[in-house]
Amino acid sequence: MMAVGVVAAIIAALAYGTASVLQARGAHEVTEESAGASAAPTLRSTIAAMLTASFLVGISLDVLGFAGNLVADRLTPLFLAQTIVSANLVVTAVLATFVLDARLNRREWTAVVVVVVALVVMGLGAGHEGHRDHDWLHWALLVGGIVLLLLAMALIHMLPTGVAVVAGLSGGILFGLMAVAIRILRGIEPFDLVALLTDPAAYAVVICGIGGFYLFTVALQTGAVSAASAAIVVGETVVPGALGIALLGDTTRPGWGAVTVIAFVAAVAGAVTIAMSSAVRASEGVSEGT
């Protein structure tokens, strides 16, 4: 079943990455049509961008990506699933060079290769996904998600600088907590609506997902797209990866532990490098700014 989870994670990464570029393209189309009319984005231009064919296809791909993310988190060790999903930045960066006329330098292309190779190594070294369950963890994820969201919202209104990093990292951690909640969610197999609706982890998925998206949007609105993207990569990979191993029982293959850790660090470092590239700024910056 892990193979199915890996395929789902790859689909999620491809969908998320392509969606970012298409949404940015839709924003570009509106910007080009209204060039000279207004330098600042308006509600009308934002709605116009969201109604373009490119943006609507991008939203559909986001839905597909989320579905793939759900399957991957259920069937794959979280350190592998979340790292593959975070590689959507690789897809965004590469596609942006064709669609948005962005450019990647030698260091950034090297980072792309490092991420791909590291993910292959992680796939080879990954063991079985854990199925440990702790009643307290369901409540801890819900309460922890709420507390982190409220704390982050307070900090971004108090801090004079560093808002992008704080909001991006907090949003990434919330996405990571959401991944853990998805893994332990009750009422899925077999489907039981009562068990699902009475599971605190179900509400943790909703709160952490919406909260993470909100904080990432706030981070991007500061204009520091690179810092926000890099911070969210760290939060959404390291936290669930560590919790998956420590609490859920995710494993590596015998003898592959050290190699998998090195590959994980390399993949995260490569993703952070790509997050700071001009190609990612060209896609995420434009799609948020219109």
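All of the numbers you see were taken from the coordinates with simple rules; none came from a lab. Everything quoted here is computed from the prediction, not taken from an experiment. Every residue, glycine among them, receives a Cβ derived from its backbone with ideal geometry; neighbour counts consider all protein chains shown.
At-a-glance table
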quantity: Given charges at Cβ of Lys, Arg, Asp, Glu: segment 68-169 dipole, positive-most of L159, T92, A111; calculated: A111
quantity: Ranked list, fewest to most other Cβ atoms within 10 Å of each Cβ, for H138, H128; calculated: H128, H138
quantity: Among 153-162, 262-271, 72-81, the order from most to least packed when residues are scored by Cβ within 10 Å on average; calculated: 72-81, 262-271, 153-162
quantity: Highest to lowest packing among 251-260, 2-11, scored as the average C-beta count within 10 Å; calculated: 2-11, 251-260
quantity: For T252, distant residues with modelled amide H under 5 Å away; calculated: G127
quantity: Proxy reagent accessibility, fewest Cβ within 10 Å first, across E236, E129, E189; calculated: E189, E129, E236
quantity: Cα gyration tensor category, rounded, prolate or oblate, for segment 130-249 with a/c compared to 1.5; calculated: prolate
quantity: Relative packing of peptides 176-188, 237-249 - highest average C-beta neighbours within 10 Å first; calculated: 176-188, 237-249
quantity: With Cα atoms, 0 to 90° folded angle of helix 257-275 axis to the chain main axis; calculated: 20 degrees
quantity: Residue exposure sequence - S86, S20, S278 - by fewest surrounding Cβ within 10 Å; calculated: S278, S20, S86
quantity: Backbone HN-Hα couplings from phi across segment 127-137 [Karplus 6.51/-1.76/1.60, Hz, Gly and Pro as x]; calculated: x, 9, 6, x, 10, 5, 9, 10, 4, 5, 5
quantity: Between 0 and 90°, nearest 10: helix 88-99 axis offset from the chain longest Cα axis; calculated: 30 degrees
quantity: Förster-model FRET efficiency, 35 Å R0, A3 and I210, C-beta, rounded to 0.05; calculated: 0.70
quantity: Relative contact order computed over the chain (Cα-Cα under 8 Å; 6+ residues apart), in percent; calculated: 29 percent
quantity: Estimated inter-spin distance, L159 and D101, nm [label 7 Å along Cα→Cβ]; calculated: 3.5 nm
quantity: Over the chain: helical MRE at 222 nm, DSSP H runs n ≥ 4 each giving -39500 (n - 2.57), nearest 500; calculated: -25500 deg cm²/dmol
quantity: Choice from F55, F191, F213 showing the highest fluctuation, given a GNM over the chain with Cα pairs closer than 10 Å; calculated: F191
quantity: Unit charges on C-beta of K, R, D, E only; dipole of segment 130-249, Debye; calculated: 220 debye
